[in-house]
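The values are calculated or read from the model by the stated rules, or taken from the named source; none is laboratory data. Note that this is a predicted model, so its numbers are computed, not measured. Neighbour counts run over all protein chains shown; Cβ positions are idealised from the backbone, glycine included. Side chains are part of the model used for accessible areas, which takes the heavy atoms of the whole protein and leaves out ligands, DNA and RNA. Shrake-Rupley method; radii C 1.70, N 1.55, O 1.52, S 1.80 Å.
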Amino acid sequence: MCGILAVLGVGDVSLAKRSRIIELSRRLRHRGPDWSGIHSFEDCYLAHQRLAIVDPTSGDQPLYNEDKTVVVTVNGEIYNHEELKAKLKSHQFQTGSDCEVIAHLYEEYGEEFVDMLDGMFSFVLLDTRDKSFIAARDAIGICPLYMGWGLDGSVWFSSEMKALSDDCERFISFPPGHLYSSKAGGLRRWYNPPWFSESIPSTPYDPLLIRESFEKAVIKRLMTDVPFGVLLSGGLDSSLVASVVSRHLAETKVARQWGNQLHTFCIGLKGSPDLKAAKEVADYLGTVHHELHFTVQEGIDALEEVIYHIETYDVTTIRASTPMFLMSRKIKSLGVKMVLSGEGSDEIFGGYLYFHKAPNKKELHEETCRKIKALHLYDCLRANKATSAWGLEARVPFLDKSFINVAMDLDPECKMIRRDLGRIEKWVLRNAFDDEEKPYLPKHILYRQKEQFSDGVGYSWIDGLKDHANAHVLDSMMTNASFVYPDNTPTTKEAYYYRTVFEKFYPKNAARLTVPGGPSVACSTAKAVEWDAAWSKLLDPSGRAALGVHDAAYEEKAPASVDPVVDNVSRSPAHDVKRLKTAVSAAAV
């Protein structure tokens, strides 16, 4: 991942202003420690902090067209850049960067080229011929982007909030799948897939199509000129990513550069479910496996830094980001700059445990649509910022545009969890890779129960966070929480604690409004909480809040003040939640 900052139409074009923009761009250097660049044209500035993954020697940014009248600063990867270059034979390319194609596509097709891009990206493009500009973000919002406005009339874009929050009067999270055009004067959605309307599809289940589409999504993400690995928790999703990479690595360009031995990485508290399952998968696939450990105290000590980097006070996101943040630091220290990860599968296939209570296929499909549309606020934000904090890039094959179209076009009846038919969560995906002749994974891993990352690293991690918050947040603080924080009022001490840390770094109202709110159980949306009346008494984002579903669920009599389950609410003290119902049966990523 790189870091971009663009400021357009500033009222002050002094040397001091240029120095200020360079200073703000440095706040993004963790995202791109390899090189820095800036282009200024009259009252417009485009800055870049580079993480060199493709063409490390000549792909520095900003990038240009042939006569440098079109300038672009990009964060991301364009997987189909070779195919696009073949359509631009009259253009002269100056670098081997996959992102340079954006400048030439704009020359050839104008503002309507964005849907041609297959990849993850956020970019700002300046046409110096008329001083017009566009900004765009990828379909799902894998790459972060913020947009702000200065009192001097300037328009700002940044990969992270920290580079514009001090200098902008107002700012927002740039919506995924959208484009901003200075000519049109506003945002418009460029990504319009069939599933976006949430109408119920009827395509029959084809397991081979699911398998082939996913394998293509994984293979295209092996485009790299630097060492890479796979984040392997031992759950279904990350294990499938690792399995597919293992099968196809030898035939790729990266294998010729760096060898065909795959490296995998897992983190957890000692004895955690993920560590055990990940080692078993790594042994089965024959990877060079790196098992990383952390303690509850080490995680707590990192909380402030984590919240600064991920820029949210959402409880579930912080719980899961902390071990990922610690793991990313260790991975980068080993010389790895890119990893593949398993985010997105649960949203697409209804993999969270609360989907066991989906009343019918219509509500299941609509919930998956809502979950995908919100990924940029939760799992995509976590996966990108927790890794980018240490100059590590995360790629997510489940969020491939083509694969999403295939998976979301399925009749949702096949995604329904049917215990009477032996169908657990994500059965359609598990069955697609259940190959008796040439198994992708051991059977019990392929059918391992879903485990959320913040649970899988070790159940005492969340309990420790709640204990820590309980020791630092007084009852009187909770009594007055609605007056101190009238927007997204924290309902548990854990949520209150995270909110105080967030507000220390990002005190403006615009910052707190970038974080969504609402009740959640095991990562559900607020709408899905209505599926089971019992859930209203145990609003916690942990998968263990899926009462009657998770093998190690909380006791049903746990107090209602516990926490919100998936995307952005609060939690409560560990001693308020009775330990575990059963001895753990492990779960899937």
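Summary table
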item: D12 versus E42: modelled label distance in nm, points set 7 Å from Cα along the beta carbon direction; result: 2.1
item: Shape of the stretch 228-367, Cα gyration tensor, a/c cut at 1.5; result: oblate
item: Descending semi-axes in Å of the stretch 119-274, equivalent ellipsoid built from Cα gyration tensor; result: 37, 22, 18
item: Listed residue pairs exceeding 30 Å between alpha carbons, taken from K85/K337; K216/K527; K279/K385; K68/K183; K276/K385; K85/K131; result: K216/K527
item: Dipole moment magnitude, nearest 20 debye, the stretch 203-273 about Cα centre, only Lys, Arg, Asp, Glu C-beta charged; result: 180
item: Unit charges on C-beta of K, R, D, E only; dipole of the chain, Debye; result: 740
item: Under the span-like rule (Cα at least 24 Å along the axis, Kyte-Doolittle mean at least -1.0), DSSP H helices of the chain; result: 315-333
item: Dmax and Rg, reported as Rg then Dmax, of the stretch 251-314 (C-alpha, Å); result: 16.2, 43
item: Additional length obtainable on full extension of the chain from D55 to N431, 0.36 nm per residue less Cα span; result: 131.5 nm
item: Pairwise FRET efficiency - S536 versus K131, Cβ, R0 = 45 Å, nearest 0.05; result: 0.25
item: Protection proxy ranking, peptides 181-192, 59-70, 15-26, 116-127, average beta carbon neighbours within 10 Å, highest first; result: 116-127, 59-70, 15-26, 181-192
item: Accessible carbon and sulfur surface of the chain relative to its total accessible area, %, 1.4 Å; result: 52
item: R0 of 56 Å, Cβ-Cβ distance R329-D475: FRET efficiency to nearest 0.05; result: 0.95
item: Mean projection area, nm², convex hull over Cα of the chain; result: 25.1
item: Most positive-pole-ward Cα, G32, A242, P207, against dipole of the chain from beta carbon charges; result: A242
item: Centroid-to-centroid separation of the stretch 162-216 and the stretch 410-433 [C-alpha atoms, Å]; result: 26
item: Selection from A135, C380, A533 lying farthest towards where the dipole of the chain points positive, charges on Cβ; result: A533
item: Computed label-point distance, nm, for sites S202 and K253 using a 7 Å Cα→Cβ extension; result: 4.4
item: Helix-only [θ]222 nm of the chain, DSSP H runs n ≥ 4, -39500 (n - 2.57) each, per residue, nearest 500; result: -9500 deg cm²/dmol
